[in-house]
Amino acid sequence: MALHCGRACRQYLLHLAHDNVDFRLAEIKALLSLRDRPFETPETFKEKSPFWHLNGLSEDDIRSVMSRTVCGKSAFELWGHGKTTEELRRSLLEYPSENMAPYLQQNSTYKINVYTFNKTLEFKDRIKKIDALDFLPFEGTVNLKDPEHIFCLLEDYGTDPNDIPEEPVYVYFGRWIADGQRELIRSYSVKKRHFIGNTSMDAGLSFIMANHAKVKPNDLVYDPFVGTGSLLVACSHFGAYVCGTDIDYNTIHGIGKASRKNQKWRGPDENIRANLRQYGAENLYVDVMVSDASKLVWRRNAQFDAIITDPPYGIRESTRRTGSHKDIIKPPEDFSGESHVPVSMAYHLSDIFADLLNFAAHHLVLGGRLVYWLPIYRPEYCEEMVPLHPCLTLISNCEQTLSSHTSRRLITMEKTKDPEDSDSLAHLADPRFTPYHGHNSFREKYFSGLTKKNGKNAKVTAENED
């Protein structure tokens with residue numbers, strides 16, 4: 001259990017939030033890759049655990065990750081660990097004293113916290129656990145309000161709230177280094193945002209998407225289905241310049257019916273620019289415009305460092321594009337070009353994703369990332385449903401469950417080569433590049449699942465009445 005190493009190879013402990021569990025690994029890996037650092041863990045690594053050991057990193061690497069992560073709560077320099085308190089004690093006694101010494105000096109101040117996962121301890125029990133650490137050579141003065149050094153005893157009682165053991169399944173002790181950015185979830189909450197819509201992205205997920213995309217200062221980020229700009233707000237927080245498009249004229253211009261309760265119409269200054277102004281990032285706002293994602297309006301050269309988006313699924317927002325099934329659309333004789341509402345037609349999900357990947361292949365810089373949501377009917381899901389492109393490499397695929405029968409998967413892809421003419425024939429050589437058309441029935445399956453559920457509920461109600 002001993003951790004014999006110098007500063008260059010010390011072990012660190014990440015304490016992670018137990019929500020959005022499926023997104024944590026991809027986020028931490030992306031943040032480490034921003035510093036060209038590997039993700040190295042012991043063989044005993046368990047992805048679903050709230051505690052992760054990380055090897056081969058420096059304290060600066062850890063601080064960099066914690067300055068951005070919304071999945072991570074806190075990070076510690078790991079001094080000891082074990083399955084029992086006795087194993088923890090032996091591990092701490094074997095830890096190099098020269099590594100401890102700078103933080104235990106007589107003229108320093110410190111405090112020790114006790115954190116338990118999946119169990120609440122009474123105050124007296126916490127004090128007993130702290131007193132049991134009296135074998136450590138602390139020479140400084142205890143200061144509970146403003147200590148120079150903070151240490152933490154962390155106890156893991158498993159993940160089953162219905163089967164909590166009497167003793168922890170694992171214990172850790174270490175020196176606190178930094179906290180994550182969980183506060184952003186509250187400070188950027190859509191409930192406090194100036195301009196919102198029916199499908200505004202949750203703040204926590206917006207920051208997770210920005211981290212998966214490795215957004216950094218001075219990047220140019222684009223959202224082709226920008227809506228009310230929640231993803232642009234998150235990216236601007238990390239210093240990126242942001243822009244977007246949407247086919248919905250009213251949303252882009254911030255007019256029409258409001259989405260807030262007790263408010264009928266949107267106010268005069270409800271728009272995406274106002275959202276960035278609210279968070280002090282208006283200087284990073286490039287622009288947004290009304291545009292159809294299925295139409296080519298950009299020059300054919302790489303422009304964006306990241307493309308982050310949440311395409312419409314046809315549930316709360318319609319999937320439409322400009323056009324008509326008719327061969328020729330004649331404008332009215334008195335058409336002057338102003339206040340024109342174009343004819344629209346269905347925009348199938350399979351076409352949305354094919355166009356999105358093709359756009360990313362042509363407009364991302366090499367190494368740039370595409371991050372988007374893919375709606376899934378869970379009973380039929382398989383890996384082959386995830387759209388692929390010859391120029392894009394799949395980095396991660398994380399699931400957010402929406403109901404018993406539906407979910408959406410956060411897909412992260414990285415551009416690894418420039419487009420070639422032969423890419424249009426890639427599906428002939430490799431069937432993985434063949435567009436999957438099963439997504440087009442997602443809306444029908446979504447509502448059929450709701451119908452079945454409501455039918456079961458009605459049956460149960462009728463039986464109870466009988």
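The values are calculated or read from the model by the stated rules, or taken from the named source; none is laboratory data. Just so you know, these numbers come straight off a predicted model, no measurement behind them. Positions of Cβ are backbone-derived with ideal geometry, glycine not excepted, and every protein chain shown enters the neighbour counts. Accessible surface is based on the protein model in full, side chains and every heavy atom, while ligands, DNA and RNA are left aside. Shrake-Rupley method; radii C 1.70, N 1.55, O 1.52, S 1.80 Å.
Of the conditions (1) open to solvent by less than 40 Å² (accessible area, probe 1.4 Å); (2) more than 20 Å from the chain's Cα centre (by Cα), Thr41 clears all except one; give me its number. Result: Thr41 fails condition (1) only.
Annotation: Leu349 fulfils all but one of (1) in contact (Cβ under 8 Å) with a residue 40 or more places away in the chain; (2) under 29 Å from Phe39 (Cα atoms); the unmet one is (2). Scanning the stretch 222-243 for residues that are surrounded by fewer than 24 Cβ atoms within 10 Å (Cβ to Cβ) and outside any loop (DSSP other than H, G, I, E, B) yields His237, Tyr241, Cys243.
Residues checked against (1) at pLDDT 95 or above; (2) not aliphatic (A, V, I, L, M):
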{"site": "Arg7", "(1), (2)": "no, yes"}
{"site": "Ala17", "(1), (2)": "yes, no"}
{"site": "Arg24", "(1), (2)": "yes, yes"}
{"site": "Leu31", "(1), (2)": "yes, no"}
{"site": "Glu43", "(1), (2)": "no, yes"}
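Just to be sure before I move on: is Asn113 assigned by the TED database to the domain that holds Ala17, within 28 Å of Met66 (Cα to Cα) and surrounded by fewer than 16 Cβ atoms within 10 Å (Cβ to Cβ) in the structure I sent? Taking the combined requirement at face value, the residue satisfies it. In the set Leu133, Leu88, only one residue is part of a loop (DSSP other than H, G, I, E, B), assigned by the TED database to the domain that holds Ser49 and farther than 27 Å from Leu32 by Cα; that residue is Leu133. For the criterion of being surrounded by fewer than 21 Cβ atoms within 10 Å (Cβ to Cβ), among the charged types (D, E, K, R) and not in a loop (DSSP other than H, G, I, E, B), Lys191 passes.
I need the full set of residues from the stretch 39-54 which are in a strand (DSSP E or B) and under 13 Å from Lys29 (Cα atoms), in order please.
Result: Glu40, Trp52, Leu54.
When you go through Leu93, Leu104 one by one, which is the residue that is buried (at least 16 other Cβ atoms within 10 Å of the Cβ) and either within 30 Å of the chain's Cα centre (by Cα) or outside the structural domain of Arg409 (by the TED database) (or both)? It is Leu104. Among the residues of the stretch 116-130, just one is open to solvent by 50 Å² or more (accessible area, probe 1.4 Å), among the β-branched types (Val, Ile, Thr) and either under 22 Å from Phe51 (Cβ atoms) or outside the structural domain of Phe151 (by the TED database) (or both), namely Thr120.
The rows are residues; the columns are (1) aliphatic (A, V, I, L, M); (2) at pLDDT 95 or above; (3) in contact with a helix residue (DSSP H, G or I) (Cβ under 8 Å, 6 or more places away or on another chain).
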{"site": "Ala213", "(1), (2), (3)": "yes, yes, yes"}
{"site": "Pro217", "(1), (2), (3)": "no, yes, no"}
{"site": "Ala240", "(1), (2), (3)": "yes, yes, yes"}
{"site": "Gly244", "(1), (2), (3)": "no, yes, yes"}
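Inside the stretch 385-416, can you point out the residues that are in a loop (DSSP other than H, G, I, E, B), within 21 Å of Ala302 (Cβ to Cβ) and open to solvent by 60 Å² or more (accessible area, probe 1.4 Å)?
The answer is Thr416, and nothing else.
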